[in-house]
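Enquirer: I'd like to ask you about the structure that follows.
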Amino acid sequence: MDLRDQLQRTLGSAYTLERELGGGGMSRVFVATETALARQVVVKVLLPELAVGVSAQRFAREIRLAASLQQANVVPVLAAGETDGLPYYTMPFVNGSSLRDRLTRGDRLGMSEAIGVLRDVARALAYAHERGVVHRDIKPENVLLSGGAAMVTDFGIAKAISAARDADGAERAVTTTFTQAGTAIGTPAYMSPEQISADPHIDHRTDLYSFGCLGYEVLAGQAPFAGHTAQHLLAAHLSAQPAPLGERRPECPPGLARLVMQCLEKEPGRRPESAREIIRVLDTVPASSTAFSRLRNRLSRRQRVAAFVLSTAVLAGAVAVAIGPWRPAGTGPRVDASLAVLPFTNIGGDSTKDLWADGLTDEITTVMARRPSVRLATRTAVDRYRGRRDVDAREVGRVLQVRHVLHGTLWPVGSRLRVQAWLSSADGSEVWSDTFEREARDILATLDSITSGITLAVQRRVLGAAAATPAGTAGSVRGTSDTAAYELYLRGQVLLRARGNGVRRAAELFEEAIARDPRYARAHAALSAALEVLPNFADTTFQEVSTRATAAARRALALDPTLAQAHGSLALASMHALRWAEADSEFRLALTLDPGDASTHMHYGRFLTYTARLDAAVREFGRAKSLDPTSPLIGGWLATDLLLVGRRAEAFTEIDRALELDSTSVPIAFMGASLALARGQTARARALAEIAWRPMGVPRPSPWPAAVAAVYAGLGDREMIGRIWRYTLAAPRSRPFGHSSLAMVALALGDTTRVLEELERASDAREFWPSAPMLISSPLDILRRSARFATLLRRAGLDVTVFTSPTGGRPQ
């Protein structure tokens, strides 16, 4: 008796077999009418060679999970049974054709239709995967087209066969390409590398690879490795890279091409996280590409490189002509891998828990900072959004120049902690959100757990394929298990970033944290950083803080050699001690360990300016600005050095931006006044000079107020210079810059003898005097032939030849 007759006998009067359809890879397929409901169904009977070792009873039991799938894009299983030892199952008859039929006709799908089909398949996968069902055989034959929609059939069949095999025959071939009889379980053209290698831990990501193969064929007209033999196909899936989809179909939107190629990654962790993620991307893909992307896709790799070089040059020229902004070549981060982690907000009403929100923000930022492929907005830049719940991701993206924005709220509820996090795109759309609720009895462990959940999700969405492995755990980067020490550290960091009078208190808090946990490396590094900037905000000298700052930095590095902040502190300590070579080396080490630290780039730019390496300084300030576009101080330094190298238009643009950010800051007002004078804006120069010169009863430790005398010299206002001189001379000495400040005012008065005397006294007092008179600036040209000036340069370890040249190192 043939199979059809046997099957009809088994089905009895419940079904009437009508005809046989073309079989699939695993079964013979018949169309039948279900008598009770007068509806058509298909009956699929496993091929005899495939059914060897399969328990029909267990097959029926395993297929129940697949039968539970009820979704519009899933063809459900209706029933299962056995006929003459062969398992069978029934499904609704879909009146239409398979995707394979459509592709075989050579009638390539239009882009809009193709995206629709792929979206429907992804919806089916998402639904099934979320219920624990993996298909394992996604291919055009298993996608049915009907009524303008796509439906996926045979969900869970491969797994059911696998689970129903007996111990002797089953697991040898379940996830490989062929059984011993040579029949495919899974189809070679669409099989994932882990299926081919019989990985026992196959999960939903195998379907995502097959989806990539299917998507490639739908869009390109042929599968990724079409034309290969079965064995060559297996090898290609394991090791070969398919031709870029954009080359095969130039009009394919770039976002769609990237998605399909990402699905074809060999490592499961480099594929999209889930079918839901695929749907999200598909929902944002336009049905057509731009003329530029079509042209780009048609070019060979070598042609694209050449075109990129040419177009970059043309674009740079066009931008320079149109708007004149400066952007350092080769320093800009990838736009699609940039992130601002805004301060999380405590909304629970208990302000003592604000530190928990700060801790969560700090841990997320620190973990994400270990991803070198992500550009993070600096902590200083995001502090402006502290306490704000009405965050507009579009504004943040524009101001901080990032593609993604992460923000959230923290709400202590009894003994539990609830955190809600949102990841938004800079276009305002929500990319991801989730709520985390944990017991908060051990707050550090709680923060670690929530941080891990958030950072893993964010990495996958910001980095995509690059987020295969975690960047580190929050606990490993926090560096202490002492809750009180950690809270002291967090409070100190907020004060340190705010600068001003809070720096001294920040240093005290770091010391308290260290007293609680002497092995707290990050607290030692933060202490060294606070001490090295303290003379700018308090009446102490660099010499007085140097020993403590250096000891703290070296202790930090002994505990954790990867701490860039400690190397940055050692660089500043060496620079302030006029040990220029050591400073250069430490700056480079710090930037190697953390190239995304805008503050270190800025300080290195200052160092390069003091040593007359102006072109390199401009590049460093440019890098700092690209990392922290909201810092007026970075913009001011960049503008100053651009003027020194003769790039006047760019300098004026940069200072205008810096003043827009903060025109009340003393250093920014001074820099703005200097550049206004250079561009002939005397009224503006005077107004800004008034801001920079603020007699407050005692001189500030900073030399900026005295430096403004140079602006008044340019304005020809000797009366104001005399006022500044009398004030500076009569006021108590500001010990970090006392003699240096007098030298700058004397220079504005034209008293070269007094200038040299005060610089010699500054050198004797071990002030960091080269930062005050700006040795490369033009007012000092009058001293360059002086033997006393050359002696001062030698004492400072500076290049005498450069600074005694007519322009002091400025371009001719």
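The values are calculated or read from the model by the stated rules, or taken from the named source; none is laboratory data. Bear in mind that the values here come from a model prediction, so they are computed numbers and not experimental data. Cβ coordinates were reconstructed from backbone atoms using ideal geometry, including for glycine residues, and neighbour counts include every protein chain displayed. Protein only, heavy atoms only, side chains kept; ligands, DNA and RNA dropped before computing areas. Shrake-Rupley method; radii C 1.70, N 1.55, O 1.52, S 1.80 Å.
Enquirer: Could you look through region 518-539, keep only residues that are in a loop (DSSP other than H, G, I, E, B) and open to solvent by 20 Å² or more (accessible area, probe 1.4 Å), and pick out the one that is modelled with the lowest pLDDT?
Expert: Asp539
Enquirer: Tell me whether region 599-619 contains one or more residues that are among the charged types (D, E, K, R) and either under 20 Å from Arg398 (Cα atoms) or in contact with a Lys or Arg (Cβ under 7 Å, 6 or more places away or on another chain) (or both).
Expert: no
Enquirer: What are the residue pairs meeting all of these: first residue in region 414-433, first residue free of Cβ contacts under 8 Å to residues at least 12 places away in the same chain, second residue among the hydrophobic types (A, V, I, L, M, F, W, C), Cβ atoms under 7 Å, and 6 or more apart or on different chains?
Expert: Every condition considered, the pairs that remain are Glu430/Trp422.
Enquirer: Would you point out which residue out of Leu509, Leu456, Leu463 is in contact with a Pro (Cβ under 8 Å, 6 or more places away or on another chain) and either modelled with pLDDT of 90 or more or within 17 Å of Ile364 (Cα to Cα) (or both)? Even if it seems obvious, please write down each step before you answer.
Expert: Details: Leu509 fails: in contact with a Pro (Cβ under 8 Å, 6 or more places away or on another chain); Leu463 fails: in contact with a Pro (Cβ under 8 Å, 6 or more places away or on another chain).
One residue alone meets the criteria, Leu456.
Enquirer: Mind counting the residues in region 255-269 that are surrounded by fewer than 18 Cβ atoms within 10 Å (Cβ to Cβ) and either in contact with a strand residue (DSSP E or B) (Cβ under 8 Å, 6 or more places away or on another chain) or not basic (Lys, Arg) (or both)?
Expert: Residues that pass the stated criteria total 3.
Enquirer: Could you go through region 45-64 and let me know if any residue there is buried (at least 17 other Cβ atoms within 10 Å of the Cβ), modelled with pLDDT under 85, outside any helix (DSSP H, G or I) and of a type in the set (Val, Ile, Thr).
Expert: yes
Enquirer: Could you count how many residues in region 490-511 are open to solvent by less than 10 Å² (accessible area, probe 1.4 Å) and not aliphatic (A, V, I, L, M)?
Expert: Within region 490-511, residues that are open to solvent by less than 10 Å² (accessible area, probe 1.4 Å) and not aliphatic (A, V, I, L, M) number 2.
Enquirer: Something else: Spot the failing condition for Thr562; the list is (1) in a helix (DSSP H, G or I); (2) over 28 Å from Arg398 (Cβ atoms); (3) open to solvent by 30 Å² or more (accessible area, probe 1.4 Å), and only one is missed.
Expert: (1)
Enquirer: Hey, another quick one. Among residues belonging to region 96-123 that are under 31 Å from the mean Cα position of the chain (by Cα) and of a type in the set (D, E, K, R), point out the one that is most open to solvent (accessible area, probe 1.4 Å).
Expert: Among them, the one singled out is Arg123.
Enquirer: What about Leu570, is it over 24 Å from Val399 (Cα atoms), touching a Lys or Arg at 6+ places or on another chain (Cβ under 8 Å) and either of a type outside the set (Lys, Arg) or surrounded by 24 or more Cβ atoms within 10 Å (Cβ to Cβ) (or both)?
Expert: yes
Enquirer: With the requirement that a residue be closer than 22 Å to Ala624 by Cβ and acidic (Asp, Glu), what does region 375-394 give you?
Expert: Once the filter is applied, which keeps residues that are closer than 22 Å to Ala624 by Cβ and acidic (Asp, Glu), region 375-394 yields only Asp383.
Enquirer: Restricting to region 206-241, count the residues that are open to solvent by less than 30 Å² (accessible area, probe 1.4 Å) and within 20 Å of Asp137 (Cβ to Cβ).
Expert: 20
Okay, residues lined up against (1) buried (at least 20 other Cβ atoms within 10 Å of the Cβ); (2) among the β-branched types (Val, Ile, Thr); (3) in contact (Cβ under 8 Å) with a residue 60 or more places away in the chain:
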| site | (1), (2), (3) |
| --- | --- |
| His576 | yes, no, yes |
| Ala583 | yes, no, no |
| Thr600 | yes, yes, no |
| Gly605 | yes, no, no |
| Pro632 | yes, no, no |
| Gly636 | yes, no, no |
| Ile655 | yes, yes, no |
| Glu660 | no, no, no |
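Enquirer: So for region 681-696 (the condition being open to solvent by 60 Å² or more (accessible area, probe 1.4 Å), under 27 Å from Val533 (Cβ atoms) and at pLDDT below 85), does at least one residue qualify?
Expert: yes
Enquirer: Considering only residues of region 388-403 that are within 20 Å of Asp434 (Cα to Cα) and either touching a Ser or Thr at 6+ places or on another chain (Cβ under 6 Å) or among the basic types (Lys, Arg) (or both), which is least open to solvent (accessible area, probe 1.4 Å)?
Expert: Step by step, filter region 388-403, then rank; the result is Ala393.
Enquirer: A further question on this structure: Being closer than 19 Å to Ala707 by Cα, in contact (Cβ under 8 Å) with a residue 60 or more places away in the chain and open to solvent by 10 Å² or more (accessible area, probe 1.4 Å) is the filter here, so list the residues in region 638-653 that pass it.
Expert: If the condition is that a residue be closer than 19 Å to Ala707 by Cα, in contact (Cβ under 8 Å) with a residue 60 or more places away in the chain and open to solvent by 10 Å² or more (accessible area, probe 1.4 Å), then Leu644 is the only one that fits.
Enquirer: Assess whether Tyr127 counts as being touching a strand residue (DSSP E or B) at 6+ places or on another chain (Cβ under 9 Å), surrounded by fewer than 22 Cβ atoms within 10 Å (Cβ to Cβ) and at pLDDT 85 or above.
Expert: Against the criterion (touching a strand residue (DSSP E or B) at 6+ places or on another chain (Cβ under 9 Å), surrounded by fewer than 22 Cβ atoms within 10 Å (Cβ to Cβ) and at pLDDT 85 or above), Tyr127 qualifies.
Enquirer: Say whether the condition of being modelled with pLDDT under 90 and surrounded by fewer than 19 Cβ atoms within 10 Å (Cβ to Cβ) is met by at least one residue in region 357-367.
Expert: no
Enquirer: Let me ask something else about it. If you check Glu544 against the conditions, is it open to solvent by 10 Å² or more (accessible area, probe 1.4 Å), at pLDDT below 90 and part of a helix (DSSP H, G or I)?
Expert: yes
Enquirer: How many of the residues making up region 607-630 are open to solvent by 30 Å² or more (accessible area, probe 1.4 Å) and in contact with a His (Cβ under 6 Å, 6 or more places away or on another chain)?
Expert: Qualifying residue count, region 607-630: 1.
Enquirer: Further, regarding this structure: Residues that are more than 27 Å from Ala577 (Cβ to Cβ), open to solvent by less than 20 Å² (accessible area, probe 1.4 Å) and modelled with pLDDT of 90 or more, at least 1 per element: which helices (runs of 4 or more DSSP H) completely within region 701-812 meet that?
Expert: Passing ranges, in order: 709-715, 718-730, 738-749.
Enquirer: Quick check on this structure: which one of Arg657, Arg588 is touching a Gly at 6+ places or on another chain (Cβ under 7 Å) and at negative phi?
Expert: Arg657
Enquirer: When the residues of region 645-675 are filtered to those that are within 33 Å of the chain's Cα centre (by Cα) and assigned to a loop (DSSP other than H, G, I, E, B), which remaining residue is modelled with the highest pLDDT?
Expert: Checking each candidate, the answer is Arg647.
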